[in-house]
1. Any residue in the stretch 163-190 that's without any contact (Cβ under 8 Å) to a residue 60 or more places away in the chain and of a type outside the set (D, E, K, R): show its pairings with residues that are surrounded by 19 or more Cβ atoms within 10 Å (Cβ to Cβ) and in a loop (DSSP other than H, G, I, E, B) at Cβ separation under 7 Å, as long as the two are six or more apart or on different chains.
2. If you check Leu80, Leu141, which single one turns out to be at pLDDT 95 or above, farther than 16 Å from Ile188 by Cβ and crowded, with 18+ Cβ neighbours inside 10 Å?
3. Do the conditions hold for Pro155, that is, is it within 30 Å of Gly32 (Cα to Cα) and surrounded by fewer than 21 Cβ atoms within 10 Å (Cβ to Cβ)?
Amino acid sequence: MVLIAVAAVSMTGCPGEDSSAPDAGVDGGSRGLTLRWRGVPEVPTGQDNPNVQRATFRVRTLKVIGDSAPGEAATTRENLSLEWRRDKTPQPVLFDQAPPGKYAKIDLVLRGDDRDTFEISGVVRRNDIDYIYEIEDSSQLLVSVPLPSSATLRPGGALSIGVRIDIRDIVKDLDFGAARIEDDKLKIDDDTPALQAQVRAKVISSIRLDTE
């Protein structure tokens, strides 16, 4: 098993800003703490080359960490499947028992256990021929998404945080010519380790705070 860890780019308020004002990516919502998911762009990705028809990311553990929530059950979820395809997007995750306080980061362990950690498929055009491609990886990935200083849940209040995955960027500029061919499909998996490693890095860097 391959283990990869990274911290996403921090997005904090500038000096002198009012920390009580919501930053981009953080707003009100259902009572408690809510995580919203957004794939960028929407899947299927239309006329892109390559396009993405389906993307699935399996989260073994998700923890929202703060000064009053060091990783306890109230801000932890396990075994989530984040799937984007036609007419399907992941549902928000509600932590209705999250304690009040400032929240600093979201820690995710991506791992599929007996299934792939992530699966991405779509169509790529090479030499005027359209190929279906499939990307699979069972490696464990660790991702940490820093939160802005305004990410505060007040007693009896609501805090909504958006997390985006830039799905287009994951497959953009991949060398599909280095993929292997199986049943007329282009495959990126354990048998193409160098290309697979590039995709892992792209998956990690694609997960970030949603500021839109």
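1. Every condition considered, the pairs that remain are Ile188/Ala179.
2. Checking each option against the conditions leaves just Leu80.
3. Values: within 30 Å of Gly32 (Cα to Cα): yes; surrounded by fewer than 21 Cβ atoms within 10 Å (Cβ to Cβ): yes.
Taking the combined requirement at face value, the residue satisfies it.
Condition check ((1) surrounded by fewer than 17 Cβ atoms within 10 Å (Cβ to Cβ); (2) free of Cβ contacts under 8 Å to residues at least 60 places away in the same chain) across all residues:
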{"site": "Glu42", "(1), (2)": "yes, yes"}
{"site": "Pro50", "(1), (2)": "no, no"}
{"site": "Arg58", "(1), (2)": "no, no"}
{"site": "Ile65", "(1), (2)": "no, yes"}
{"site": "Trp84", "(1), (2)": "no, no"}
{"site": "Phe118", "(1), (2)": "no, no"}
{"site": "Ile129", "(1), (2)": "yes, yes"}
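Okay, residues lined up against (1) over 19 Å from Leu141 (Cβ atoms); (2) within 12 Å of the chain's Cα centre (by Cα); (3) surrounded by 19 or more Cβ atoms within 10 Å (Cβ to Cβ); (4) basic (Lys, Arg):
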| residue | (1), (2), (3), (4) |
| --- | --- |
| Ile165 | no, yes, yes, no |
| Asp175 | yes, no, no, no |
| Lys185 | yes, no, no, yes |
| Ile188 | no, no, yes, no |
| Ala197 | no, no, no, no |
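The values are calculated or read from the model by the stated rules, or taken from the named source; none is laboratory data. Values in this document were obtained by computation on a predicted structure and should not be read as measured data. As a convention, Cβ positions derive from the backbone with ideal geometry for all residues, glycine included, and neighbour counts pool all protein chains shown.
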